[in-house]
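Undergrad: One structure, as structure tokens, below. Some questions next.
The values are calculated or read from the model by the stated rules, or taken from the named source; none is laboratory data. Not measured: the values here are computed from a predicted model. All Cβ positions, even for glycine, are placed from backbone atoms using ideal geometry, and neighbour counts span all protein chains on display. Heavy atoms of the whole protein, side chains included, go into the accessibility calculation; ligands, DNA and RNA do not. Shrake-Rupley method; radii C 1.70, N 1.55, O 1.52, S 1.80 Å.
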Amino acid sequence: MQPAVTLRDVSHHYGGTAALRGVSLSVAEGSVLAVVGPNGAGKTTLIRAIAGVIDPTGEVLIDGDAAQHIDRRRIGILPQAFTPARRLTPRELIRYHAARYDAYPDPAAVCARVGLGLSELDRPFERLSGGQQRRVCVAMAIAHEPALLLLDEPTAGIDPAGRRALWDELERIGEAGTTMIITSHSFAEVDRLADEVCILDDGAVLASDTPADLVGAVAGGHRLQVTPAPPSL
Ligand code: ADP
């Protein structure tokens with residue numbers, strides 16, 4: 001079967017800065033790829049290349065078609081820094097956003113998929129907690145039922161409990177069959193939901209494998225041994 005996403009030797013420069021340096025990877029349909037790396041590794045640039053927002057060198061294919069030319073309805077994207085109109089409610093935001101893609105879902109059902117209840121549905125965005133706001137943004141990204149979901153640091157700025165809950169919701173969305181590419185700077189946050197993890201550093205792929213095999217490769221031959229000092233007499 002053809003991969004949902006294929007990158008071949010993708011590079012991108014911002015002026016003199018190399019943000020991506022020869023990245024090649026592929027994502028199977030229905031699977032979840034986590035792209036992990038420190039700040040400046042190139043994660044956002046990678047998401048923007050797959051979304052067709054920038055035109056890097058090399059090849060970016062979505063279901064075999066050039067990313068720049070595909071029907072935008074096939075992709076849902078949550079940018080890292082994204083704030084929708086703050087006075088609108090989740091119901092209004094979801095309706096407005098989905099309609100741009102000719103989709104007319106039930107906002108309550110979309111909210112339920114990201115763990116938002118009826119009590120949040122008609123509250124202005126600006127009066128929701130940080131975690132609830134980020135959920136609304138995820139809800140907007142999935143509202144038109146994209147086959148491919150791109151999430152750039154979806155839990156950035158959320159408290160630890162909210163993060164865990166949102167990762168659980170994202171895991172459920174992945175299990176329901178949506179192909180997802182998610183960036184994070186923390187391997188520990190994504191190892192449970194990712195089928196594959198790509199470690200990106202300085203614009204290049206350091207390693208790409210299943211979470212278990214990555215841990216095995218790194219932790220494999222090492223053991224931490226602690227020998228207590230003899231008690232002083
Ligand atoms: P990450 O998402 O992993 O933090 P980015 O893709 O945002 O990484 O950035 C990769 C590199 O490209 C960094 O060195 C960053 O400073 C640089 N960069 C990103 N966006 C721009 C831009 N619009 N103009 C110039 N340099 C940029």
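Undergrad: Of the conditions (1) open to solvent by 20 Å² or more (accessible area, probe 1.4 Å); (2) over 18 Å from Thr155 (Cα atoms); (3) modelled with pLDDT of 95 or more, Ala49 satisfies every one except a single condition; which number is it?
TA: Just one mismatch for Ala49, condition (1).
Undergrad: Could you grab me the full set of residues in the range 10-40 that are under 23 Å from Glu171 (Cβ atoms) and either among the small types (Gly, Ala, Ser) or not in a strand (DSSP E or B) (or both)?
TA: Scanning the range 10-40 gives Ser26, Ala28, Glu29, Gly30, Ser31, Ala34, Gly37.
Undergrad: Looking at the range 68-93 only, could you name the residues that are within 16 Å of the ligand (Cβ to nearest atom) and either part of a strand (DSSP E or B) or within 20 Å of Cys198 (Cβ to Cβ) (or both)? Show your work before the answer.
TA: The initial filter retains those residues of the range 68-93 that are within 16 Å of the ligand (Cβ to nearest atom), namely 77-82.
Listed by number, the residues that qualify are Ile77, Leu78, Pro79, Gln80.
Undergrad: Between Leu149, Leu193, which is under 25 Å from Gly40 (Cβ atoms), away from the ligand (no atom under 16 Å from the Cβ), open to solvent by 10 Å² or more (accessible area, probe 1.4 Å) and under 13 Å from the mean Cα position of the chain (by Cα)?
TA: Leu193
Undergrad: Here is a further query. How many residues does the range 122-135 hold that are modelled with pLDDT of 95 or more and crowded, with 19+ Cβ neighbours inside 10 Å?
TA: 1
Every residue, every condition in (1) modelled with pLDDT of 95 or more; (2) more than 19 Å from the chain's Cα centre (by Cα); (3) away from the ligand (no atom under 16 Å from the Cβ), yes or no:
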position	(1), (2), (3)
Val5	yes, no, yes
Asp9	yes, yes, yes
Tyr14	yes, yes, no
Ala19	yes, no, no
Ser24	yes, no, yes
Ala28	yes, no, yes
Ser31	yes, no, yes
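Undergrad: Select from the range 173-189 the residues that are farther than 13 Å from Ser31 by Cβ and either surrounded by 14 or more Cβ atoms within 10 Å (Cβ to Cβ) or hydrophobic (A, V, I, L, M, F, W, C) (or both) and write down the one among them that is nearest to the chain's Cα centre (by Cα).
TA: Here the answer is Thr183.
Undergrad: Could we say that Arg73 is in contact with a His (Cβ under 9 Å, 6 or more places away or on another chain) and open to solvent by 30 Å² or more (accessible area, probe 1.4 Å) here? Let's see the steps before the verdict.
TA: Details: in contact with a His (Cβ under 9 Å, 6 or more places away or on another chain): yes; open to solvent by 30 Å² or more (accessible area, probe 1.4 Å): yes.
Yes.
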